[in-house]
Amino acid sequence: MCYASHNQSESEVIPMAVPSQQPYLYTAEEFAAMQRDGWRAELIKGEVVAMPAAFTDHGRTAMRLSALAAVYVLDHQLGETYTAETGFLISRNPDTVRAPDFSFIQASRVTISVLGPSWGGVIPDLVAEVISSSDRANEIDQKVQMWLKAGVRVVWVAWPQTHIIQVYNPQAPVQLLRDGDVLSGGTVIPGFSVALSRIFG
């Protein structure tokens with residue numbers, strides 16, 4: 001007696017769940033060794049994120065703010081200042097290397113590693129971020145919180161289109177400055193102050 005087979009035919013394919021592929025997470029050392037052919041990027045939690053070229057309103061504001069603060073710091077020998085695209089390693093596992101539009105490290109915290117060809121090894125005391133029209137609110141907040149969590153004492157966020165600067169620090173509410181107000185270095189850059197009209201023009 002023959003019995004009909006209830007087994008599936010060889011041609012029948014049973015669908016299988018395929019796990020989603022996780023992105024490769026780069027280390028800061030791998031990121032430093034990359035050939036980027038002139039394109040700007042940051043390393044955010046192990047992922048390389050390309051940064052588009054800034055518009056002129058961004059560049060103009062970043063240049064004015066950086067120049068005014070840097071000249072004051074240099075004249076009073078308060079520490080070291082850094083231009084845009086200078087990277088700082090702010091977290092490990094996964095690694096994050098971010099590059100603010102301006103940064104400052106007080107003289108008492110300047111080490112050999114800060115002066116050498118590396119990601120610095122020291123978290124800045126102050127950073128400034130100039131907002132582009134393409135930036136999203138959640139991305140800006142994420143960036144500010146990363147800096148504060150890493151140990152940055154003050155973050156300046158400048159908005160060229162509205163002539164506003166927000167001042168963040170871990171111990172106080174956000175300070176909102178508008179045209180007619182003065183930006184102060186507080187205890188981080190003692191004695192420094194500049195009218196917003198000089199920054200935004």
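Listing for the model above:
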{"quantity": "Some residue of segment 178-201 being of a type outside the set (V, I, T), without any contact (Cβ under 8 Å) to a residue 12 or more places away in the chain, more than 20 Å from T83 (Cβ to Cβ) and not in a loop (DSSP other than H, G, I, E, B)", "calculated": "yes"}
{"quantity": "For A158: the one exception among (1) of a type in the set (G, A, S); (2) assigned to a strand (DSSP E or B); (3) at pLDDT below 95", "calculated": "(3)"}
{"quantity": "Filter result for Q175 (touching a strand residue (DSSP E or B) at 6+ places or on another chain (Cβ under 7 Å), not aromatic (F, W, Y) and not in a loop (DSSP other than H, G, I, E, B))", "calculated": "yes"}
{"quantity": "Hits in segment 43-57 (condition: open to solvent by 80 Å² or more (accessible area, probe 1.4 Å) and among the β-branched types (V, I, T))", "calculated": "T56"}
{"quantity": "Options R64, R60, R40: the member that is touching a helix residue (DSSP H, G or I) at 6+ places or on another chain (Cβ under 8 Å) and either surrounded by 12 or more Cβ atoms within 10 Å (Cβ to Cβ) or closer than 30 Å to I164 by Cβ (or both)", "calculated": "R64"}
{"quantity": "Residue match in segment 174-195 (condition: loosely packed, with under 14 Cβ neighbours inside 10 Å, modelled with pLDDT under 95, more than 13 Å from the chain's Cα centre (by Cα) and acidic (D, E))", "calculated": "yes"}
{"quantity": "Residue ranges of strands (runs of 3 or more DSSP E) in segment 88-140 with at least 3 members out of contact with any Asp or Glu (no Cβ under 8 Å at 6 or more places or on another chain)", "calculated": "88-91"}
{"quantity": "Tabulated pairs, segment 130-143, first loosely packed, with under 12 Cβ neighbours inside 10 Å, second among the aliphatic types (A, V, I, L, M), C-beta under 6 angstrom, 6+ apart or interchain", "calculated": "none"}
{"quantity": "Residue that is closer than 17 Å to V73 by Cα and either open to solvent by less than 30 Å² (accessible area, probe 1.4 Å) or not aliphatic (A, V, I, L, M) (or both), where the choices are V122, V127, V110", "calculated": "V127"}
{"quantity": "Tally, over segment 45-68, of residues that are aliphatic (A, V, I, L, M), modelled with pLDDT of 95 or more and touching a strand residue (DSSP E or B) at 6+ places or on another chain (Cβ under 8 Å)", "calculated": "3"}
{"quantity": "Lone unmet requirement of (1) touching an Asp or Glu at 6+ places or on another chain (Cβ under 7 Å); (2) basic (K, R); (3) under 21 Å from P52 (Cα atoms) for R153", "calculated": "(3)"}
{"quantity": "Residue list for segment 75-87, restricted to those being open to solvent by 30 Å² or more (accessible area, probe 1.4 Å) and part of a loop (DSSP other than H, G, I, E, B)", "calculated": "H76, Q77, L78, A84, E85, T86"}
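The values are calculated or read from the model by the stated rules, or taken from the named source; none is laboratory data. In this text the structure is predicted, and so the values were computed from the model without any measurement. As a convention, Cβ positions derive from the backbone with ideal geometry for all residues, glycine included, and neighbour counts pool all protein chains shown. Accessible surface areas use protein heavy atoms only, side chains included; no ligands, DNA or RNA. Shrake-Rupley method; radii C 1.70, N 1.55, O 1.52, S 1.80 Å.
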